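Q: Structure provided below as structure tokens; questions to follow.
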Amino acid sequence: MDYLNCPFCKRIVQETYDHARSDTYAVVFEPLEPVTPGHLLVVCRSHVESATGSTYLTGKVMELAATVALNLGEDSNIITSVGELATQTVKHLHVHVVPRRAGDGLALPWTAAQ
């Protein structure tokens, strides 16, 4: 997928993100289908396909994701995926910040099947 067809690039160009939480390297917005209340995406401003596409930019995106999680003030998962088999559905570097609460019922992708 090139950047012209990338849904995250489109949101960045249209500036449909949380300007107050975003920085030079990444933007923050709510995913279309949040898995818990407060679930946010931290998305690289540059079109990089995954966390392995640029270690420098991945570090900057993760730094902002950690700050977002810290500011949420609750337990959170900070998750990124590389490739389709690892559950990456949008080929653009992004990190999920998923607030966790007791009894939220969210089973992570690597939870063993019963």
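Q: Need pairs with beta-carbon distance below 7 Å; first residue over 19 Å from L32 (Cβ atoms) and free of Cβ contacts under 8 Å to residues at least 60 places away in the same chain and within segment 65-90, second open to solvent by 70 Å² or more (accessible area, probe 1.4 Å) and hydrophobic (A, V, I, L, M, F, W, C); sequence gap 6+ or separate chains.
A: Hits for this filter: A66/I78; A69/I78.
Rundown of residues vs (1) basic (K, R); (2) within 21 Å of L108 (Cα to Cα); (3) open to solvent by 30 Å² or more (accessible area, probe 1.4 Å), yes/no style:
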position: V27; (1), (2), (3): no, no, no
position: M62; (1), (2), (3): no, yes, yes
position: E74; (1), (2), (3): no, yes, yes
position: Q88; (1), (2), (3): no, yes, no
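Q: Among the residues of segment 45-64, which ones are free of Cβ contacts under 8 Å to residues at least 40 places away in the same chain, hydrophobic (A, V, I, L, M, F, W, C) and over 24 Å from L4 (Cβ atoms)?
A: Of everything in segment 45-64, just one residue is free of Cβ contacts under 8 Å to residues at least 40 places away in the same chain, hydrophobic (A, V, I, L, M, F, W, C) and over 24 Å from L4 (Cβ atoms), namely M62.
Q: Can you tell me which of (1) at pLDDT 95 or above; (2) of a type in the set (V, I, T); (3) under 30 Å from A102 (Cβ atoms) is the one T24 doesn't meet?
A: Going through (1) at pLDDT 95 or above; (2) of a type in the set (V, I, T); (3) under 30 Å from A102 (Cβ atoms) one by one, T24 breaks only (3).
Q: Going through segment 45-60 one residue at a time, which ones are touching a Lys or Arg at 6+ places or on another chain (Cβ under 8 Å) and open to solvent by less than 50 Å² (accessible area, probe 1.4 Å)?
A: First pass over segment 45-60, keeping only residues touching a Lys or Arg at 6+ places or on another chain (Cβ under 8 Å): 49-50.
Of everything in segment 45-60, just one residue is touching a Lys or Arg at 6+ places or on another chain (Cβ under 8 Å) and open to solvent by less than 50 Å² (accessible area, probe 1.4 Å), namely S50.
The values are calculated or read from the model by the stated rules, or taken from the named source; none is laboratory data. Small disclaimer: the values here were computed from a predicted structure and weren't measured. All Cβ positions, glycine included, derive from the backbone under ideal geometry; neighbour counts span all protein chains shown. Note: areas computed on protein heavy atoms with side chains; ligands, DNA, RNA excluded. Shrake-Rupley method; radii C 1.70, N 1.55, O 1.52, S 1.80 Å.
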